[in-house]
Amino acid sequence: MWGALILGVLFRGALTQISDENLGWNFVNEYNNKVGSLWNENVKKSWNYYTNLTDYNLEVMTNSTLQMAEFDKEAAKNASTFAHDGFGNATLKRLFKKIVNIGFAATNDSEQLKAISNLEADLTGIYSKGKVCLESKGCLQLEPGLTDIITNSRSYEELLAVWKGWRDASGKLMRTKYTDFVKAMNAAIKFSGFNDTGEYWRSWYETPTFEQDVRTLFEELEPLYVELHAYVRKRLKEKYGKDMFPETGHIPAHLFGNMWAQQWSNIYDLLVPFPGASSVDITAKMKEQNYNVTHMYRVAEDFFMSIGMEKMTDAFWQNSMLVKPTDRDVVCHASAWDFYDENDFRIKQCTSVTEDQLLTVHHEMGHIVYYQNYKHLPRLFRRGANPGFHEGMADIVSLSFQTPEHMKVIGLLDEVPQDSDSDINFLLKMALDKVAFLPFGYLIDQWRWSVFRGDTNSSNYNQHWWDLRCRFQGISSPVKRTEEDFDPGAKYHIPGNTPYIRYFVSFVVQFQWHEALCREAGNTRPLHRCDIYNNTNAGNKLREMLRMGSSKPWQDAMEAITGQRTMSAKPLVNYFDPLLKWLKEQNKEENTGWSASCPSSIPTPSALAAGSANLFISITCFVLCVFFAFFQIR
């Protein structure tokens with residue numbers, strides 16, 4: 001596999017560790033060439049499975065993963081023959097460290113690795129194939145059917161049916177497999193010297209105090225979230241009736257226009273502060289202008305090109321999956337893919353023509369732009385400076401794209417409002433996206449780290465999940481949950497095994513970057529009205545950070561764009577300061593906050609219970625009644 005150079009290295013390394021940096025460069029260059037083709041093949045096979053969920057594609061992907069693991073282990077073993085800790089060149093030293101860490105993270109047991117791969121595929125398969133059968137609408141998958149209902153319905157009963165139905169069709173079916181998956185992951189990671197998988201994930205941030213750092217950031221941002229929560233709760237009580245809300249101050253989780261209550265902008269129509277002020281229905285405007293899926297991606301591409309970034313490659317347009325196929329099962333969860341050949345970058349998304357999806361298009365293309373900017377680096381450095389940086393880059397343009405100024409430029413808004421009422425409307429809508437997400441982004445991995453540590457086990461998976469959601473989000477389950485349920489599994493990133501704290505980090509750093517880029521662009525408007533579109537000065541500053549990939553510690557990348565070496569919540573707080581003042585005024589008569597514990601009882605008026613039950617059990621009752629009648633069971 002490695003050739004004459006590595007065989008010579010192994011022979012010499014058996015006697016003494018090699019300190020010759022020239023030989024070290026030869027080693028990493030050979031590694032880089034070999035790993036490029038292996039990664040490319042592995043990503044292709046993963047793509048084939050996630051865009052066509054067949055047993056054959058699963059087997060091919062699993063075998064490719066096993067091959068990669070063997071390569072990683074051998075590479076780490078060979079790299080360990082070098083005295084790389086003593087190398088004077090920081091880049092070479094960093095490359096060796098990454099080779100060794102990747103290899104040590106691979107389990108020695110091929111059967112164990114195969115089991116992990118199969119379990120993860122089983123979990124994502126359950127998620128992707130899940131369907132909820134509703135009496136009035138037939139059997140629907142998450143995308144687009146259930147998402148359309150949870151987004152647009154304003155019926156308490158229908159929302160409850162969809163919310164509960166999705167959890168029955170996804171998480172509840174994967175509880176046992178997830179327990180096995182956690183055990184297998186932890187057993188594998190111990191080979192690398194980490195205590196558990198969560199500790200390994202946190203190591204990617206190269207910050208010993210990372211866990212405390214994100215806790216401090218959350219505590220700084222929490223007062224803003226508490227005020228937003230109180231305002232939203234008041235308005236939802238007006239819509240659904242105060243009797244539907246527990247006395248603990250929590251909000252039922254199915255009322256936010258989002259399957260996971262992670263972002264609340266889909267219920268903006270229920271919350272708009274000044275209905276008489278200018279506003280626009282972007283989705284309606286897009287449809288009025290005959291937007292199609294391809295046009296949505298061209299709009300996103302135009303934004304990035306306007307600040308000096310590369311256009312999408314021909315391979316992107318030829319190979320991406322931009323709409324849901326009708327002839328096969330796929331994983332619809334949107335994602336961006338780098339095939340490590342400097343040309344083939346793709347997006348997998350079941351796109352529909354809505355404002356929310358247009359934002360997702362910009363998000364995923366932001367990942368592609370990051371890939372394109374660091375494609376010149378050794379493959380080991382083709383990563384974000386830390387996982388949160390990649391997500392932050394994917395989101396940063398949304399802070400410009402969603403401004404009235406930009407909507408006017410691209411023709412989705414007729415006039416830019418200048419009055420304060422319209423400004424508060426805009427800020428609230430942004431807060432429903434950016435601020436509402438903060439506790440959700442924080443708590444997912446609080447739960448998962450606890451599971452990996454063993455503090456939370458299969459006997460209290462669901463209880464601890466809801467303890468965290470009640471405590472940090474101030475939301476509660478609208479129906480009784482037990483340990484027969486597995487509600488974490490209803491969120492893709494749990495079965496998909498995708499670390500989540502990166503999203504919380506990204507929501508913090510994107511505001512730091514936005515502030516810095518707006519300063520570079522010479523912006524004179526308030527931060528929340530800054531649009532860097534068509535400004536190559538801002539683009540050049542952003543590119544300086546993107547081109548670093550993970551070749552330097554993330555603090556260096558942060559300094560390149562902001563002049564600071566730490567994450568800060570201040571730009572986010574400053575962005576929403578006018579809204580915070582307004583919210584405090586609106587909430588003067590409200591009891592802000594909520595109980596740290598979940599409510600002990602759930603409001604279920606008889607009419608509601610009957611309506612909800614009818615949606616789920618009418619078909620079941622019919623089948624059972626026929627069964628009983630046929631066999632005359634007494």
Scanning the stretch 218-260 residue by residue, those aliphatic (A, V, I, L, M), in contact with a strand residue (DSSP E or B) (Cβ under 8 Å, 6 or more places away or on another chain) and assigned to a helix (DSSP H, G or I) turn out to be VAL232, LEU236, MET244
Note on ALA315: of the conditions (1) open to solvent by less than 20 Å² (accessible area, probe 1.4 Å); (2) farther than 18 Å from ALA394 by Cα; (3) of a type in the set (A, V, I, L, M); (4) in contact (Cβ under 8 Å) with a residue 60 or more places away in the chain, unmet is (4)
Taking the stretch 467-492 and keeping residues charged (D, E, K, R) and not in a helix (DSSP H, G or I) leaves LYS480, ARG481, GLU483, GLU484, ASP485, LYS491
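Okay, residues lined up against (1) part of a loop (DSSP other than H, G, I, E, B); (2) more than 21 Å from the chain's Cα centre (by Cα); (3) closer than 18 Å to GLU355 by Cβ:
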residue: GLN263; (1), (2), (3): yes, no, yes
residue: ASN266; (1), (2), (3): no, no, yes
residue: PRO273; (1), (2), (3): yes, yes, no
residue: GLY276; (1), (2), (3): yes, yes, no
residue: THR283; (1), (2), (3): no, yes, yes
residue: MET286; (1), (2), (3): no, yes, yes
residue: ALA300; (1), (2), (3): no, no, yes
residue: MET305; (1), (2), (3): no, yes, no
Within the stretch 395-439, residues open to solvent by 10 Å² or more (accessible area, probe 1.4 Å), closer than 25 Å to VAL232 by Cβ and basic (Lys, Arg) come out as LYS429
Checking THR360, THR351 in turn, the sole residue that is polar (S, T, N, Q) and not in a helix (DSSP H, G or I) turns out to be THR351
ILE368 fails exactly one of (1) closer than 27 Å to ASN574 by Cα; (2) buried (at least 22 other Cβ atoms within 10 Å of the Cβ); (3) among the aliphatic types (A, V, I, L, M), namely (1)
Within the stretch 451-466, residues being touching a residue at least 24 places away in the same chain (Cβ under 8 Å), assigned to a helix (DSSP H, G or I) and not charged (D, E, K, R) number 5
Every listed condition ((1) of a type outside the set (Lys, Arg); (2) buried (at least 19 other Cβ atoms within 10 Å of the Cβ); (3) at pLDDT 90 or above) holds for CYS133 save (2)
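To keep it simple, each residue is scored yes or no on (1) small (Gly, Ala, Ser); (2) over 28 Å from TYR178 (Cα atoms).
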| residue | (1), (2) |
| --- | --- |
| ASN386 | no, no |
| MET407 | no, yes |
| LEU413 | no, yes |
| ASP433 | no, yes |
| GLY441 | yes, no |
| VAL451 | no, no |
Here the residues within the stretch 544-567 that are surrounded by fewer than 20 Cβ atoms within 10 Å (Cβ to Cβ), assigned to a helix (DSSP H, G or I) and not polar (S, T, N, Q) are GLU544, ASP556, GLU559, ALA560
Just to be sure before I move on: is ALA336 surrounded by 14 or more Cβ atoms within 10 Å (Cβ to Cβ), out of contact with any Cys (no Cβ under 9 Å at 6 or more places or on another chain) and under 16 Å from GLY366 (Cβ atoms) in the structure I sent?
yes
Would you mind stating whether GLN357 is over 19 Å from GLY496 (Cβ atoms) and modelled with pLDDT of 95 or more? no
_Please verify whether LYS348 is modelled with pLDDT of 90 or more and open to solvent by 70 Å² or more (accessible area, probe 1.4 Å), treating the condition exactly as stated._
no
In the stretch 568-587, residues that are assigned to a loop (DSSP other than H, G, I, E, B) and under 20 Å from ASN425 (Cβ atoms) total 2
Taking the stretch 188-215 and keeping residues open to solvent by less than 50 Å² (accessible area, probe 1.4 Å) and in a helix (DSSP H, G or I) leaves ALA188, ILE189, SER192, THR197, GLY198, TYR200, TRP201, ARG202, SER203, PHE210, GLU211, VAL214
Per the filter on the stretch 318-348, residues in a helix (DSSP H, G or I) and either of a type in the set (Lys, Arg) or without any contact (Cβ under 8 Å) to a residue 24 or more places away in the chain (or both) are GLN318
task = Could you please let me know if TYR442 is surrounded by fewer than 23 Cβ atoms within 10 Å (Cβ to Cβ), of a type in the set (Phe, Trp, Tyr) and either under 26 Å from HIS528 (Cα atoms) or touching a Gly at 6+ places or on another chain (Cβ under 7 Å) (or both)?
result = no
Selection from the stretch 533-542 of residues assigned to a helix (DSSP H, G or I), within 18 Å of GLN512 (Cα to Cα) and more than 23 Å from the chain's Cα centre (by Cα) yields ASN537, ALA538, GLY539, ASN540, LYS541
Screening PRO439, PRO495, PRO499 for residues that are under 22 Å from the mean Cα position of the chain (by Cα), closer than 23 Å to LEU359 by Cβ and not in a helix (DSSP H, G or I) leaves only PRO499
Picked from the stretch 468-496 (must be out of contact with any strand residue (DSSP E or B) (no Cβ under 8 Å at 6 or more places or on another chain), of a type outside the set (A, V, I, L, M, F, W, C) and more than 14 Å from ILE444 (Cα to Cα)), the residue most open to solvent (accessible area, probe 1.4 Å) is LYS480
Out of (1) farther than 30 Å from LYS98 by Cα; (2) open to solvent by 30 Å² or more (accessible area, probe 1.4 Å); (3) not small (Gly, Ala, Ser), the one LYS541 does not meet is (1)
Out of curiosity, is THR147 open to solvent by 20 Å² or more (accessible area, probe 1.4 Å), of a type outside the set (Gly, Ala, Ser), at pLDDT 85 or above and over 30 Å from SER551 (Cα atoms)?
yes
Out of (1) closer than 30 Å to ASN523 by Cβ; (2) in contact with a strand residue (DSSP E or B) (Cβ under 7 Å, 6 or more places away or on another chain); (3) of a type in the set (D, E, K, R), the one ASP433 does not meet is (2)
Condition (residue is out of contact with any helix residue (DSSP H, G or I) (no Cβ under 6 Å at 6 or more places or on another chain) and either modelled with pLDDT of 95 or more or of a type in the set (S, T, N, Q) (or both)) applied to the stretch 497-505: is it met by at least one residue?
yes
PRO526 meets each of (1) at pLDDT 95 or above; (2) surrounded by fewer than 17 Cβ atoms within 10 Å (Cβ to Cβ) with one exception, condition (1)
Those residues of the stretch 369-399 which are within 19 Å of ALA90 (Cβ to Cβ), of a type outside the set (Phe, Trp, Tyr) and assigned to a helix (DSSP H, G or I) amount to ARG379, LEU380
Within the stretch 497-521, the count of residues that are open to solvent by less than 10 Å² (accessible area, probe 1.4 Å), over 19 Å from HIS464 (Cα atoms) and hydroxyl-bearing (Ser, Thr, Tyr) comes to 1
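The values are calculated or read from the model by the stated rules, or taken from the named source; none is laboratory data. Every value quoted in this text rests on a predicted model; they were computed, and no experiment measured them. Backbone-built Cβ (ideal geometry, glycine too); neighbour counts: all protein chains shown. Heavy atoms of the whole protein, side chains included, go into the accessibility calculation; ligands, DNA and RNA do not. Shrake-Rupley method; radii C 1.70, N 1.55, O 1.52, S 1.80 Å.
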